[in-house]
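Everything on this sheet refers to the single structure shown next.
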Amino acid sequence: MNRLLLIVALACFAVSLAAAVVRAELFGDYMGYTACAECHADVVKGWKTTPHANAFDDLKQQGEEKQSVPGCVRCHVVAMDADGGFIDMDLTPELKDVQCEACHGPGRKHAASQDPADIVARPGEAACRTCHTEGQDRNFDYTVKSRLVHGEK
Ligand code: HEC
Ligand code: HEC
Ligand code: HEC
Ligand code: HEC
């Protein structure tokens, strides 16, 4: 009898842990680009034509398994090292690829307030350099490349 209670208690604990993980995603600060589309439809449309919008799928060019290698994934998704950022394709498929919030930072507060002060308005070179490192992109030129991030105007 006591043993059965213990098993039930452990099962409840396991379920609550799983629920806690799901909740962290729902209330995390990163939302994914679909949340921006409502008010910035043109920017979303342009971004979709850029290589950033295929960054996760493109990992496969170097082998299907690369999509599961954290050392590769981290620069091909949104905010993998941050709280509320990409975890894996089971938990956070909406945060794959190099989306808006990879450059502009978490958007939940801004999406609710619509206040420009709640979002990084003009991501500087340092934001790009977290991924466009010397090792990955030796000739990175911010002035030229920052004009390309939203696609053709
Ligand atoms: C409910 C509407 C709404 C949503 C959703 C929204 N925004 Fe905005 N955003 C605005 C408004 C309004 C402005 C200010 C008007 C303008 O400058 O166009 C703005 C301005 C901005 C600016 C420029 C800030 C500045 O100082 O010029 C950026 C960058 C931005 N939004 C990014 C995002 C991102 C990224 C998302 C998704 C995570 C997002 N927005 C979601 C309404 C929204
Ligand atoms: C430090 C960040 C970073 C890491 C880690 C990283 N990448 Fe990338 N990756 C980039 C950047 C930045 C580019 C774009 C470089 C450019 O345009 O010259 C890129 C481009 C690519 C491309 C596209 C190439 C093309 O010609 O379209 C592939 C494929 C790729 N990476 C696969 C990988 C794989 C596989 C790994 C792990 C072994 C990996 N990346 C790890 C940042 C990174
Ligand atoms: C690779 C980084 C990067 C990504 C991805 C990106 N942006 Fe930007 N965004 C920038 C930079 C850099 C600027 C400033 C450009 C300038 O000063 O000319 C900017 C400016 C803006 C602005 C204000 C000026 C304007 O052009 O309207 C808005 C709004 C905006 N971005 C929304 C978005 C949304 C929405 C997405 C996703 C669909 C997105 N951005 C994706 C880097 C990025
Ligand atoms: C989260 C990582 C990450 C961030 C942040 C990031 N990029 Fe990238 N960028 C990539 C990856 C990965 C690719 C390659 C995508 C592919 O081809 O699959 C890429 C490709 C590009 C390309 C197209 C290929 C090229 O080199 O011409 C441009 C342009 C670019 N990035 C500009 C920028 C600029 C400007 C910023 C900052 C405002 C920035 N990126 C921020 C990861 C990132």
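Readers should treat all values here as calculations from the given coordinates under stated rules, not as data from a laboratory. The shown structure was predicted, so the numbers you read here are calculated from the model rather than taken from an experiment.
A few notes on this one:
- Set of lysines near Lys60 by C-alpha distance (under 25 Å), chain-local residues within fewer than 8 positions excluded: Lys45, Lys48, Lys96, Lys145
- Across the stretch 96-105, computed HN-Hα scalar couplings (Karplus, 6.51 cos²θ - 1.76 cosθ + 1.60, θ = phi - 60°) run 6, 6, 8, 8, 2, 6, 5, 9, 8, x Hz from first to last residue, x flagging Gly and Pro.
- Kirkwood hydrodynamic radius (C-alpha pairs) into Stokes-Einstein, the stretch 27-153, 20 °C and 1.002 mPa s, D in µm²/s: 142 µm²/s
- Residues in the stretch 54-67 carry Karplus couplings, in order, of 10, 4, 6, 4, 5, 4, 5, 4, 10, x, 3, 5, 5, 5 Hz; the curve used is 6.51 cos²θ - 1.76 cosθ + 1.60 with θ = phi - 60°, and Gly or Pro positions show x.
- Normalised contact order of the stretch 52-139, rounded percent, pairs of Cα under 8 Å and 6 or more residues apart: 22 percent
- Amide hydrogen proximity for Gly107: with H placed 1.01 Å from N in the peptide plane, the residues at 5 or more positions away or on another chain lying under 5 Å are Met31.
- Database remark: amide H of Gln99 closer than 5 angstrom to the amide H of Val78 (H placed geometrically; neighbours at sequence offset of 5 or more, or on other chains; Pro and chain starts carry no H).
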